[in-house]
Each structure stands twice: as C-alpha cells, then as structure tokens.
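Q: Structure provided below as structure tokens; questions to follow.
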Amino acid sequence: MTLATEWLDRLRPELDGYARQAMDNIGREFPSYVTALLTGPGQFPARPRDRNPVFYGSLDWHSCVEMHWVLVRLLKVAPSAVPGSEIPGSEIRAVLDRQLTAVGLAAEAEFMRVSGNTERPYGWGWALALAHELATWPDDQDASRWAAAIEPLASVLTTNFLGWLAKATYPVRTGLHANSAFGLSLALPYARGQAARGHAAHGQATRGQATHGHGDPDLAAAIEDAARRWYAADAGYPAAWEPSGHDFLSPALAEAELMARVLPADEFAAWLTAFLPGLADGAPASLFTPAVVADSSDGQIAHLRGLNLSRAWCFRRLAETLAEALPPGDPRIPACTEASRRHAQASLPHVTGDDYMVTHWLAAYAVLLFS
C-alpha cells in the first residue's frame with residue numbers, strides 16, 4: 001500500500017467534513033483579505049465579489065481556488081465519501097455548477113490578465129492545478145463543461161507564467177506564497193497534460209509534450225528549464241535553518257519535490273544525495289520535527305499547521321520517487337516515510353474544527369497528501 005492510499009483510507013471518514021467546509025468557505029465572502037494595486041481614485045471594489053465573481057470567498061483568492069480544487073479532487077478520488085458522488089445535480093456538483101460558470105471565469109481571466117504579478121506563482125499554480133483536475137476527468141459531463149469554462153483563465157495564466165519565467169533570473173526561496181518551486185510543481189502537470197499528478201511521469205513524457213489532449217508544450221519546457229537552471233547545481237542546502245516563524249512550505253522540500261518531477265528517478269536520487277546529504281539519518285533534526293503552533297488564531301503563526309502537511313506531502317513524494325530508483329533497503333526511503341507520517345499526524349486533527357485562519361485553507365494540503 002502506498003502512503004497516498006494509506007492516508008486516503010485513514011481519512012475517508014473525514015472527507016465529508018472536508019467537503020462541507022470547502023463549500024462553506026467558497027461562499028463566505030467576509031472576512032476578506034484583498035490585495036490590489038491602485039493607479040487612481042475610485043478603483044477599489046465595493047466588495048470582493050464585485051472584483052472576483054468566482055473566487056471571492058475563503059478569505060483570499062488563492063485559498064478560494066484551493067477550496068474549489070478540494071471539491072473537484074474529492075469527487076474524483078472518493079465520490080462515495082462526500083456529498084456529491086456521481087449523481088448529476090447533487091450537493092457538491094450543484095455548488096460547483098453555480099461557481100464555475102463561463103461568464104464568471106471569463107471575468108476571473110480578465111482579472112488575472114490585468115493584475116500583473118498578483119498571485120504569482122502560488123495562486124497561478126493552484127488555478128492550473130484546478131484546470132488540470134477538470135481536464136483529466138474522463139467521461140464526466142459536468143467536468144467537461146467546467147473544464148471548458150476555466151480554459152480562458154488557464155490560458156491567461158499560461159501566458160503569465162511564460163512571461164515571468166523568461167525573465168526570472170533567480171528563484172524565490174521562501175516558505176510562503178512566493179516560493180518558486182511549489183508554484184511550478186503545481187503548474188507542471190497541467191503544462192504536460194498528464195492524467196496523474198504524482199511521480200509516475202518521471203522521464204516518461206517528452207519534454208513539453210502534452211499527453212492527454214490538453215496542456216501547453218511551451219509552458220512545460222519553460223518550467224523544466226527554469227527548474228534545472230535554478231536548482232540543478234544546488235548542494236548542501238541549509239535546511240537546519242527551517243522553519244521560519246510563518247512558513248507553510250519548506251523551501252528545501254518544495255525544491256526537492258519539484259526536482260523529483262523534473263529529473264529522471266535515478267538522476268534525482270543522485271541530486272538529492274548532494275542536496276540533502278543527511279536525509280538517511282533524519283538530519284537536520286529541524287526538518288524532520290513537526291512545527292509547534294502556538295496560536296491558530298494568528299494568521300501568520302497558523303501557517304505552521306500547513307507546513308506540517310506540506311512537509312508530509314513532500315516527504316511522501318520523496319519516498320515514492322526514491323523507491324523507484326533505489327534498492328528497497330536504502331535508508332532514505334523509511335526515513336522519508338516515517339517523517340511523512342509524523343508530520344501528517346501533527347496537523348490532520350486541525351483541518352476542521354480549528355480557527356478560521358487555519359480552516360479556510362488547510363483542507364487543500366490534507367487532500368494533496370493523498371493525491
């Protein structure tokens with residue numbers, strides 16, 4: 001049993017709660033955190049929904065996109081566990097049908113076209129992850145309709161990514177939304193047109209070649225080129241300096257997870273040896289120790305709940321990738337597997353029932369864990 005399957009089985013009783021929380025979040029317009037560049041008076045919208053007719057809820061744009069992704073992903077991987085299943089017009093499908101309209105998503109596309117660097121690359125990546133989920137949902141009439149509706153937004157974001165990557169000399173190595181590696185990892189499956197989100201595509205698709213009827217070869221090539229340009233020579237990463245006080249991503253593990261997608265499995269194993277040489281020994285200890293969250297109501301400290309789950313996902317992905325390339329006895333495989341379990345157990349109890357500063361987004365990382 002893979003770690004992804006294990007967590008899906010263990011979390012199945014919780015998934016109805018995840019889905020209902022996501023539905024509540026995407027319709028909750030306030031409180032709202034709005035970022036805007038104003039070039040003159042009278043430009044600020046009266047309310048978030050005036051500016052973003054689809055992704056106005058869940059505190060901010062990217063979290064609202066994440067919650068839509070949660071609903072779509074749950075319908076695909078665990079339909080019997082959530083209030084949606086395959087039945088046309090059922091609860092989740094009705095909510096998504098109300099949200100993912102061609103008119104609303106065209107407005108979101110225009111918003112992203114004129115918004116410059118807004119949501120780069122985190123929100124861009126999550127939106128392409130949502131588009132990817134819809135485009136790779138075969139034989140589902142609802143999904144086909146939603147996929148067509150979101151494609152204008154995906155097209156704008158593809159253009160945004162290409163423009164950014166062409167001039168981005170350096171990556172952003174942070175544990176927050178600006179992290180370059182995580183945003184590229186979210187976008188890469190859409191760019192490649194792959195049916196699977198996970199590690200199965202290592203080296204199997206020609207660079208930039210879409211394989212399932214969608215995707216963008218130029219974007220796939222740009223992402224892979226940027227990853228190699230930025231990260232291929234990295235060695236001895238100072239992971240002992242992590243975490244910072246409001247991280248929800250591990251810069252070290254997000255980079256390693258992206259390179260697991262970009263490099264062939266055997267090449268990745270050698271790269272990882274140089275990048276995190278203490279991995280087999282559970283070092284540095286700070287990278288293998290779940291973060292302590294002192295106050296879930298503090299929006300910045302609350303990020304550490306997500307750090308534990310994003311680390312769990314990255315450790316799971318590293319263990320699976322190493323298992324492809326290395327003998328079963330390689331000590332890095334159990335070290336990453338156990339680190340994944342330890343971090344997941346630290347934050348999964350907080351996906352529902354915690355402060356809104358946690359619950360408006362954390363379900364995305366729980367679902368990512370078993371995806």
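The values are calculated or read from the model by the stated rules, or taken from the named source; none is laboratory data. Computed from a predicted model, the values in this text were never measured in an experiment. As a convention, Cβ positions derive from the backbone with ideal geometry for all residues, glycine included, and neighbour counts pool all protein chains shown. Heavy atoms of the whole protein, side chains included, go into the accessibility calculation; ligands, DNA and RNA do not. Shrake-Rupley method; radii C 1.70, N 1.55, O 1.52, S 1.80 Å.
Q: Can you confirm whether the range 223-243 contains a residue that is charged (D, E, K, R), part of a loop (DSSP other than H, G, I, E, B) and within 20 Å of Leu322 (Cβ to Cβ)?
A: Kept after step one, since they are charged (D, E, K, R), are these residues of the range 223-243: 224-225, 228-229, 234, 242.
Filter once more, so that each one left must be part of a loop (DSSP other than H, G, I, E, B): 234, 242.
Next, only the ones that are within 20 Å of Leu322 (Cβ to Cβ) stay: 234.
Yes, the range 223-243 contains at least one residue that is charged (D, E, K, R), part of a loop (DSSP other than H, G, I, E, B) and within 20 Å of Leu322 (Cβ to Cβ).
Q: Would you call Leu279 surrounded by 18 or more Cβ atoms within 10 Å (Cβ to Cβ) and in contact with a Cys (Cβ under 9 Å, 6 or more places away or on another chain)?
A: Working: surrounded by 18 or more Cβ atoms within 10 Å (Cβ to Cβ): yes; in contact with a Cys (Cβ under 9 Å, 6 or more places away or on another chain): yes.
In short, yes.
Q: For the range 67-83, does any single residue satisfy the condition of being at negative phi and free of Cβ contacts under 8 Å to residues at least 12 places away in the same chain? Talk me through it step by step, then tell me what you get.
A: Restricting attention to the range 67-83, the residues satisfying the condition of being at negative phi are 67-83.
Now drop any that are not free of Cβ contacts under 8 Å to residues at least 12 places away in the same chain, which leaves 79-80.
Yes; the residues of the range 67-83 include at least one that is at negative phi and free of Cβ contacts under 8 Å to residues at least 12 places away in the same chain.
Q: What number of residues in the range 262-276 are surrounded by fewer than 15 Cβ atoms within 10 Å (Cβ to Cβ) and within 22 Å of Pro238 (Cα to Cα)? Please lay out each step first, then the result.
A: Start the filter on the range 262-276 by keeping residues that are surrounded by fewer than 15 Cβ atoms within 10 Å (Cβ to Cβ), which leaves 264, 266, 270, 273-274.
From what is left, the residues that are within 22 Å of Pro238 (Cα to Cα) are 270, 273-274.
Summing the residues that are surrounded by fewer than 15 Cβ atoms within 10 Å (Cβ to Cβ) and within 22 Å of Pro238 (Cα to Cα) in the range 262-276 gives 3.
Q: Moving to a separate point now. Can you go through Glu133, Glu119 and tell me which one is touching a helix residue (DSSP H, G or I) at 6+ places or on another chain (Cβ under 7 Å) and on the phi > 0 side of the Ramachandran plot? Explain how you work it out, then say what you get.
A: Numbers: Glu133 fails: on the phi > 0 side of the Ramachandran plot.
Matching residue, one of Glu133, Glu119: Glu119.
Q: Of all residues in the range 348-364, how many are open to solvent by less than 30 Å² (accessible area, probe 1.4 Å) and either in contact with a Phe, Trp or Tyr (Cβ under 8 Å, 6 or more places away or on another chain) or without any contact (Cβ under 8 Å) to a residue 40 or more places away in the chain (or both)?
A: Counting residues in the range 348-364 that are open to solvent by less than 30 Å² (accessible area, probe 1.4 Å) and either in contact with a Phe, Trp or Tyr (Cβ under 8 Å, 6 or more places away or on another chain) or without any contact (Cβ under 8 Å) to a residue 40 or more places away in the chain (or both) gives 3.
Q: Any residue at all in the range 212-219 that is modelled with pLDDT of 95 or more, over 22 Å from Tyr190 (Cα atoms) and surrounded by fewer than 16 Cβ atoms within 10 Å (Cβ to Cβ)? Full working, then the answer.
A: Residues of the range 212-219 that are modelled with pLDDT of 95 or more, as a first pass: 216-219.
Next, from what is left, pick out any that are over 22 Å from Tyr190 (Cα atoms): none.
Checked the range 212-219: no residue is modelled with pLDDT of 95 or more, over 22 Å from Tyr190 (Cα atoms) and surrounded by fewer than 16 Cβ atoms within 10 Å (Cβ to Cβ).
Q: Does Arg311 count as surrounded by 24 or more Cβ atoms within 10 Å (Cβ to Cβ) and basic (Lys, Arg)? Can you show your working first?
A: Values: surrounded by 24 or more Cβ atoms within 10 Å (Cβ to Cβ): yes; basic (Lys, Arg): yes.
So Arg311 fits the description; yes.
Q: Which residue out of Arg98, Arg47, Arg28, Arg20 is open to solvent by 80 Å² or more (accessible area, probe 1.4 Å) and free of Cβ contacts under 8 Å to residues at least 12 places away in the same chain?
A: Just a single option satisfies the conditions, and that option is Arg98.
Q: Let me confirm something: among Arg113, Arg73, which residue is basic (Lys, Arg) and open to solvent by less than 50 Å² (accessible area, probe 1.4 Å)? Explain how you work it out, then say what you get.
A: Numbers: Arg113 fails: open to solvent by less than 50 Å² (accessible area, probe 1.4 Å).
The unique qualifying residue is Arg73.
Q: Going by the structure shown, is Gly236 over 21 Å from the mean Cα position of the chain (by Cα) and at positive phi?
A: Values: over 21 Å from the mean Cα position of the chain (by Cα): yes; at positive phi: yes.
Considered against the rule, which asks whether it is over 21 Å from the mean Cα position of the chain (by Cα) and at positive phi, Gly236 comes out as yes.
Q: When you look at Ala339, is it open to solvent by 40 Å² or more (accessible area, probe 1.4 Å), free of Cβ contacts under 8 Å to residues at least 60 places away in the same chain and of a type in the set (A, V, I, L, M, F, W, C), yes or no?
A: Working: open to solvent by 40 Å² or more (accessible area, probe 1.4 Å): no; free of Cβ contacts under 8 Å to residues at least 60 places away in the same chain: yes; of a type in the set (A, V, I, L, M, F, W, C): yes.
Taking the combined requirement at face value, the residue does not satisfy it.
Q: What are the pairs with Cβ atoms under 6 angstrom where one residue, in the range 120-136, is free of Cβ contacts under 8 Å to residues at least 40 places away in the same chain and the other, located anywhere, is open to solvent by less than 10 Å² (accessible area, probe 1.4 Å) and assigned to a helix (DSSP H, G or I)? Sequence gap at least six, or different chains.
A: Within 6 Å, no pair qualifies.
Q: So which residues in the range 220-246 are of a type outside the set (Phe, Trp, Tyr) and open to solvent by less than 10 Å² (accessible area, probe 1.4 Å), if there are any at all?
A: Filtering the range 220-246 down to residues of a type outside the set (Phe, Trp, Tyr) leaves 220-229, 232-236, 238-240, 242-246.
Once the filter is applied, which keeps residues that are of a type outside the set (Phe, Trp, Tyr) and open to solvent by less than 10 Å² (accessible area, probe 1.4 Å), the range 220-246 yields Ala220, Ile223, Ala226, Ala227, Ala239.
Q: Same structure, new question: Tell me the residue from Ala191, Ala200, Ala205 that is in a loop (DSSP other than H, G, I, E, B) and either over 11 Å from Pro121 (Cβ atoms) or at pLDDT 95 or above (or both), please. Can you show your working first?
A: Details: Ala191 fails: in a loop (DSSP other than H, G, I, E, B); Ala200 fails: in a loop (DSSP other than H, G, I, E, B).
None of the other options fit; the residue is Ala205.
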